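Novice: Got a structure for you, written out below as structure tokens; questions coming shortly.
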Amino acid sequence: MQNKISDIRNEYSKASLDEKDIGDSPIDFFKTWFDQAVHSEVREPTAMTLATVRKDGMPDARIVLLKGIEKEGFQFYTNYTSAKGKELDSNPNACLVFFWAELERQVRIRGKISKVSRENSEEYFHSRPFASQIGALASSQSDPVSDRSILDKHYEELKLKYEGKTVPLPENWGGYILEASEIEFWQGRRSRLHDRILFRKVDGSWAKTRLQP
């Protein structure tokens, strides 16, 4: 099995990445790549790995979905009392990673996370499908549950209770925004000589550097 796994490899050759083409704004260039991912029918263009750090120093990571770009911030929504919410409370430094395999591209975004306004969370929450609103209300995310049927029963009870009514925004649910301090664009190339361009915020401006693969 190990030999078969180590033999798995792909040659990347779809595109290249040049400093003069990327411009001086990593946010604008991210939007360009994101639009290309959407129009190229990448299956989950908004899917991103959110990496955080636990109180004991152990790193943690999971997939969340991008829900907006505000100036130099990247938004997502979740349960504030979940594992990731507690980790962000103790250490707001985090990293986001997008990998669009169909385009042979990766973007890493490092920065500090803060909560969005309650009004913003309210607006987004009520734009979600009714079933998703009920799901957020029913689940105490990351808490243990002895049996799936308990969760399903609670969901059905809340679904019946709020049928035809406004579902209240849970107090422990809302949005986060990561304000970027570093953004790195990675384009796969042949022979593993990939293109890597790093933007780093220095005194309020973006400095651009090419990194070796």
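We did not get these values from a lab; they are worked out from the coordinates using the rules stated. Fair warning: this is a prediction, and the values are worked out from it, not measured in the lab. Neighbour counts are summed over all protein chains in view; Cβ atoms, including those assigned to glycine, are modelled from backbone coordinates with ideal geometry.
Novice: Give the aspartates and glutamates whose C-alpha is closer than 18 Å to that of Lys67, dropping any in the same chain fewer than 8 places away, or say none.
Specialist: Filter leaves Asp28, Asp35, Glu41, Glu44, Glu119, Glu122, Glu123, Glu179.
Novice: Same structure again: Between Ser142 and Ile69, what length in nm is gained on full extension when 0.36 nm per residue of separation is reduced by their alpha carbon distance?
Specialist: Values: separation 73, 0.36 × 73 = 26.28 nm, distance 2.66 nm.
Roughly 23.6 nm would be gained on extension.
Novice: In whole Å, how far is the Cα centre of region 2-36 from that of region 138-213?
Specialist: The distance from the Cα centre of region 2-36 to that of region 138-213 comes to 21 Å.
Novice: OK, next. Setting aside same-chain residues fewer than 8 positions from Lys71, which lysines have a Cα under 27 Å from its Cα?
Specialist: Cα-Cα hits under 27 Å: Lys20, Lys31, Lys84, Lys86, Lys112, Lys115, Lys201, Lys208.
Novice: Return the sequence-ordered ³J(HN,Hα) values of region 81-89 in whole Hz as given by the Karplus equation 6.51 cos²θ - 1.76 cosθ + 1.60 applied to θ = phi - 60°, using x for Gly and Pro.
Specialist: For region 81-89, the Karplus curve yields 9, 6, 4, 5, x, 5, 5, 6, 5 Hz.
Novice: I'd like the orientation of helix 148-161 relative to the chain: the angle between its Cα long axis and the longest Cα principal axis, in ° from 0 to 90, rounded to 10.
Specialist: Taking the Cα atoms of the chain, the angle to 148-161 is about 70 degrees.
Novice: May I pose another question? Which aspartates and glutamates, if any, have their Cα less than 19 Å from the Cα of Lys153, not counting same-chain residues under 8 positions apart?
Specialist: Filter leaves Asp143, Glu163.
Novice: Okay, next question. Tell me which trypsin sites (Lys or Arg not before Pro) from region 110-213 have a DSSP coil assignment and no more than 11 other beta carbons within 10 Å of their own. Could the numbers behind the result be given before it?
Specialist: Numbers: sites: Arg110, Lys112, Lys115, Arg118, Arg148, Lys153, Lys159, Lys161, Lys165, Arg189, Arg190, Arg192, Arg196, Arg200, Lys201, Lys208, Arg210; in loops: Lys165, Arg189.
In loop regions of region 110-213 (DSSP not H, G, I, E or B), the sparsely surrounded trypsin sites (Lys or Arg not before Pro) are Lys165.
Novice: Another question, if that's okay. Let me know the charge dipole size of the chain about its Cα centre in debye, to the nearest 20, where only the beta-carbon of Lys, Arg (+1) and Asp, Glu (-1) is charged. Working shown, then result.
Specialist: Working: 33 positive and 33 negative charges, 100 e Å.
Computed about the Cα centre, the dipole is about 480 debye.
Novice: Whats the longest run of the chain with zero GluC sites (Glu not before Pro) that are DSSP loop and have at most 12 other Cβ atoms within 10 Å?
Specialist: On the way: sites that count: Glu11, Glu41, Glu163, Glu171.
In the chain, the maximal stretch lacking such sites is 42-162.
Novice: How much mean residue ellipticity at 222 nm does the chain get from its helices, if each DSSP H run of length 4 or more adds -39500 (n - 2.57) and you divide by all residues, to the nearest 500 deg cm²/dmol? Let's see the in-between values first.
Specialist: Working: 7 runs with 62 residues, N = 213.
Helix-only estimate at 222 nm: -8000 deg cm²/dmol.
Novice: So I have (i) 1.02; (ii) 1.00; (iii) 1.13, and one of them is Rg/Rh (Cα atoms, Kirkwood Rh) calculated from this model. Which one is it?
Specialist: (i)
Novice: To continue, here is another question. Answer with one residue from Ser82, Ile109, Val97: the one whose Cα lies farthest towards the positive end of the charge dipole of region 70-118, charges on Cβ with Lys, Arg +1 and Asp, Glu -1.
Specialist: Among Ser82, Ile109, Val97, the one farthest towards the positive end of the dipole of region 70-118 is Ser82.
Novice: Tell me the relative contact order for the chain as a rounded percent, counting alpha carbon contacts under 8 Å between residues six or more apart.
Specialist: Numbers: 346 pairs, mean separation 53.7, N = 213.
It comes to 25 percent, rounded to a whole number.
Novice: Mind telling me which of Gly57, Gly73, Gly23 comes out most flexible in a GNM of the chain, alpha-carbon contacts under 10 Å?
Specialist: Comparing Gly57, Gly73, Gly23 in the GNM, the peak value goes to Gly57.
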